[in-house]
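*Asks:* I have a structure I would like to understand better, so I am pasting it below and will then ask my questions one at a time.
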Amino acid sequence: MTCFLFADGTRTLAEFRTLGGLGEHDSASLIALAAEADLRGRGGAGFPFARKLSAVAESVDPVRIAIANGEEGEPGSVKDRVLMRTKPHLVLDGLRLAASAVGAQRSIVYVSDIESAVVLRAVIANEGSSFGSIEVFEVPPAYVAGEETAAVRAIDGGPALPTAKPPRPFEAGVGGHPTLIANVETLAQFAMLAARGASEFGRGTLLSTVHSSTHSGALVEVPVGTPMREVLALVTPIQDVRAILTGGLFGGVQPAALFDVALEHDALRAAGSALGCAAFHVVSASDCVVELVTDAMSFLGRESAQQCGSCLKGTAAMAAAMRRIAAGDHADTDVEALGRWAVSLRGRGNCALLDAACLMLSSLLEHWRLDLESHAVGHGCELCRARVIADDFAITRLRVPPTLVPLSLEGITT
């Protein structure tokens with residue numbers, strides 16, 4: 001099983017160069033390389049990286065910007081901060097190559113993790129000839145701060161909050177100029193692709209954060225297309241898995257039918273879910289799905305940027321209805337309203353937060369309706385009949401420590 005980012009043994013730029021890193025590539029060959037490997041973004045949406053590169057490279061505006069997005073807002077993900085702390089040269093070289101591909105005059109790493117910022121600045125200072133012009137821009141952490149238009153707005157001096165689209169950053173980003181924004185893992189993969197070539201690189205790898213309420217979590221690197229059950233089995237016996245919270249909070253809460261789905265964007269989308277940032281929370285046999293979704297919906301409601309009426313009012317209403325149902329103190333129309341909102345509110349916000357909330361609800365209604373209705377009639381599900389759900393739900397149980405040791409399925413550690 002091929003692993004690149006954490007299995008190649010390199011920790012410095014000099015070591016990476018021995019693999020062929022920092023090779024000379026012109027813009028066209030870099031874009032062609034990304035297209036040949038079908039490199040997809042690792043930040044959430046899985047957008048083809050070659051298309052992002054081409055959009056900025058073909059702009060008539062001579063001023064262009066390239067941004068490595070390391071603002072990791074998903075509460076269940078640690079991949080970006082671990083990557084920046086332990087393999088910063090891969091992120092920086094990927095940014096350098098991407099900037100070269102699009103003809104960018106300015107390169108920025110956008111990050112909220114303080115330790116990552118310190119490490120990146122140290123590498124830039126030590127390797128001035130290669131990375132001396134790269135800036136590190138720190139922003140306060142927030143769920144929506146990593147959205148691409150929020151990054152543009154923050155770098156331009158505003159709050160790290162999303163703006164309406166269009167224009168997209170590749171059309172008018174920082175300072176009104178075309179701007180490439182790519183997740184730091186995407187750029188690290190791009191660096192490995194340039195070093196090894198498309199044949200050896202294949203489809204690349206995924207960094208996946210996997211955790212549960214009953215077992216220690218793990219950050220794993222697996223080839224794109226690995227069946228989900230192989231990754232889940234690293235943190236818990238597969239027979240104990242009742243459901244999976246997929247894609248951070250973006251892919252909904254899904255049943256065991258997803259266990260054999262390949263970890264790739266198209267396969268999970270076809271299954272009614274999403275890969276997102278490849279973070280998975282294992283729901284064990286002792287976990288209440290309704291309580292978990294209530295927890296997640298309360299978090300999304302608190303994290304709303306409070307700019308779009310549909311999102312502000314919609315997420316608040318969804319979370320309130322879920323709290324009432326979970327506590328057995330619901331309105332007669334709550335379940336019906338949740339189903340209506342899950343459909344009608346999709347695509348109505350400036351960012352993906354509202355879409356995440358809608359998919360969370362639709363997956364709950366599709367796969368766990370009996371549990372939801374058991375709560376709604378005041379009896380609770382089997383797991384919760386003897387308990388009272390608190391009004392203030394703690395999303396902290398969906399968070400994992402930022403110090404997880406990176407693993408591969410081969411047991412390789414950094």
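*Asks:* Which FRET efficiency value, to the nearest 0.05, is calculated for Thr12 and Arg269 with the Förster distance at 35 angstrom and r the Cβ-Cβ distance?
*Replies:* E(calc), rounded to 0.05, equals 0.40.
*Asks:* Tell me which trypsin sites (Lys or Arg not before Pro) from the stretch 12-107 have a DSSP coil assignment and no more than 11 other beta carbons within 10 Å of their own.
*Replies:* Qualifying residues, ordered by number: none.
*Asks:* Counting other beta carbons within 10 Å of each residue's own, what order do Leu268, Leu95 fall into, fewest first?
*Replies:* Lowest to highest Cβ neighbour count: Leu268, Leu95.
*Asks:* Using packing as a proxy for protection, rank 312-322, 113-123 so that the peptide with the highest average count of other Cβ atoms within 10 Å comes first.
*Replies:* 312-322, 113-123
*Asks:* At 1.002 mPa s and 20 °C, plugging the Kirkwood radius over alpha-carbon pairs of the stretch 94-190 into Stokes-Einstein gives what diffusion coefficient in µm²/s?
*Replies:* 154
*Asks:* Hey, if you put +1 on the Cβ of every Lys and Arg and -1 on every Asp and Glu Cβ in the chain, which of Cys358, Ala198, Val253 ends up farthest toward the positive end of that dipole?
*Replies:* It is Cys358.
*Asks:* Taking a ≥ b ≥ c as the square roots of the eigenvalues of the Cα gyration tensor of the stretch 292-342, is the shape rounded (a/c under 1.5), prolate (a/b larger than b/c) or oblate?
*Replies:* Note, shape of the stretch 292-342 comes out oblate.
*Asks:* In debye, nearest 20, what is the charge dipole magnitude of the stretch 13-202 about its Cα centre with +1 on Lys and Arg Cβ and -1 on Asp and Glu Cβ, if you could check?
*Replies:* It works out to roughly 60 debye.
*Asks:* R0 = 51 Å: FRET efficiency of Thr333 with Val60, Cβ-based, nearest 0.05?
*Replies:* Given R0 = 51 Å and the Cβ-Cβ separation, E is 0.45.
*Asks:* Express in % the proportion of alpha carbon pairs of the stretch 53-103 at distances exceeding 18 Å.
*Replies:* 43
*Asks:* Using only C-alpha positions, report the orientation-averaged shadow area of the convex hull of the stretch 13-202, nm², one decimal.
*Replies:* Hull-based average projected area comes out at 9.8 nm².
*Asks:* Can you sort Asp156, Asp295 by how many other beta carbons sit within 10 Å, fewest first?
*Replies:* With the fewest neighbours first, Asp156, Asp295 line up as Asp156, Asp295.
*Asks:* Please give the charge dipole size of the stretch 187-312, origin at the Cα centre, charges +1 on K and R Cβ atoms and -1 on D and E Cβ atoms. Round to the nearest 20 debye.
*Replies:* Magnitude of the dipole: close to 180 debye.
*Asks:* Compactness ratio of the chain: Cα Rg over 2.2 N^0.38 Å, N = residue count?
*Replies:* My calculation over the Cα atoms of the chain gives 0.98.
*Asks:* Let me ask you something else. About the Cα centre, and with charges only on the beta carbon of Lys, Arg (+1) and Asp, Glu (-1), how big is the dipole of the chain? Nearest 20 debye, please.
*Replies:* 340
Laboratory data are not the source of any read-out in this text; all were calculated from the coordinates shown. Because the structure is a prediction, the values reported are computed rather than measured. With ideal geometry, Cβ positions are generated from the backbone for all residues, glycine too; neighbour counts draw on all protein chains shown.
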